[in-house]
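K.L.:
So that we are looking at the same thing, I have put the structure below in structure tokens.
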Amino acid sequence: MDEVLLSKVRLGVLAELLPSEWVAFSELQRATGATNGNLGAHLAKLTQAGYVTEEKAFVDRRPQTRYRLTRAGRNAFLKHVAELQALVAAAK
């Protein structure tokens, strides 16, 4: 099991990013229900692991940070889900 993905918030972030090109911090916060600081800490761990990339820009003169899933992040997520499925199948 990938220890980075054993967090409910980090796993939720990757699930949100999976079907999207880029997702804004505010959208990830809304989807996960995490506080600014908590989500920021989880995103830092995902970025450090190479699972997400971060882009900072100005949109309508306002700063915006958005995130994208990397190939390594997609592969880690899919492997993690497959391992969870194998555990569930073995428990039956």
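K.L.:
What pairs can you find where one residue is in segment 1-25 and touching a residue at least 24 places away in the same chain (Cβ under 8 Å), the other is polar (S, T, N, Q) and buried (at least 17 other Cβ atoms within 10 Å of the Cβ), and their Cβ atoms are less than 8 Å apart, with a gap of 6+ or different chains?
P.N.:
Every condition considered, the pairs that remain are 9/32; 13/32.
K.L.:
Can you tell me which residue in segment 23-67 is surrounded by the most Cβ atoms within 10 Å (Cβ to Cβ), limited to those that are more than 22 Å from residue 80 (Cβ to Cβ) and of a type in the set (A, V, I, L, M, F, W, C)?
P.N.:
My answer is 25.
K.L.:
Let me ask another. Quick one: which of 82, 34 is out of contact with any His (no Cβ under 8 Å at 6 or more places or on another chain) and aliphatic (A, V, I, L, M)? Full working, then the answer.
P.N.:
Working: 34 fails: out of contact with any His (no Cβ under 8 Å at 6 or more places or on another chain).
Answer to the selection: 82.
K.L.:
If you go through segment 33-48, how many residues are more than 12 Å from residue 67 (Cβ to Cβ) and within 11 Å of the chain's Cα centre (by Cα)?
P.N.:
Of the residues in segment 33-48, the ones more than 12 Å from residue 67 (Cβ to Cβ) are 33-38, 41, 45, 48.
Among the residues that remain, those that are also within 11 Å of the chain's Cα centre (by Cα) are: 45.
Residues in segment 33-48 being more than 12 Å from residue 67 (Cβ to Cβ) and within 11 Å of the chain's Cα centre (by Cα): 1 in total.
Here's the yes/no breakdown for (1) under 24 Å from residue 3 (Cβ atoms); (2) part of a strand (DSSP E or B); (3) at pLDDT 95 or above:
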{"residue": "21", "(1), (2), (3)": "no, no, no"}
{"residue": "29", "(1), (2), (3)": "yes, no, yes"}
{"residue": "44", "(1), (2), (3)": "yes, no, yes"}
{"residue": "50", "(1), (2), (3)": "yes, no, yes"}
{"residue": "68", "(1), (2), (3)": "yes, yes, yes"}
{"residue": "74", "(1), (2), (3)": "yes, no, yes"}
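The values are calculated or read from the model by the stated rules, or taken from the named source; none is laboratory data. In this text the structure is predicted, and so the values were computed from the model without any measurement. Every residue, glycine among them, receives a Cβ derived from its backbone with ideal geometry; neighbour counts consider all protein chains shown.
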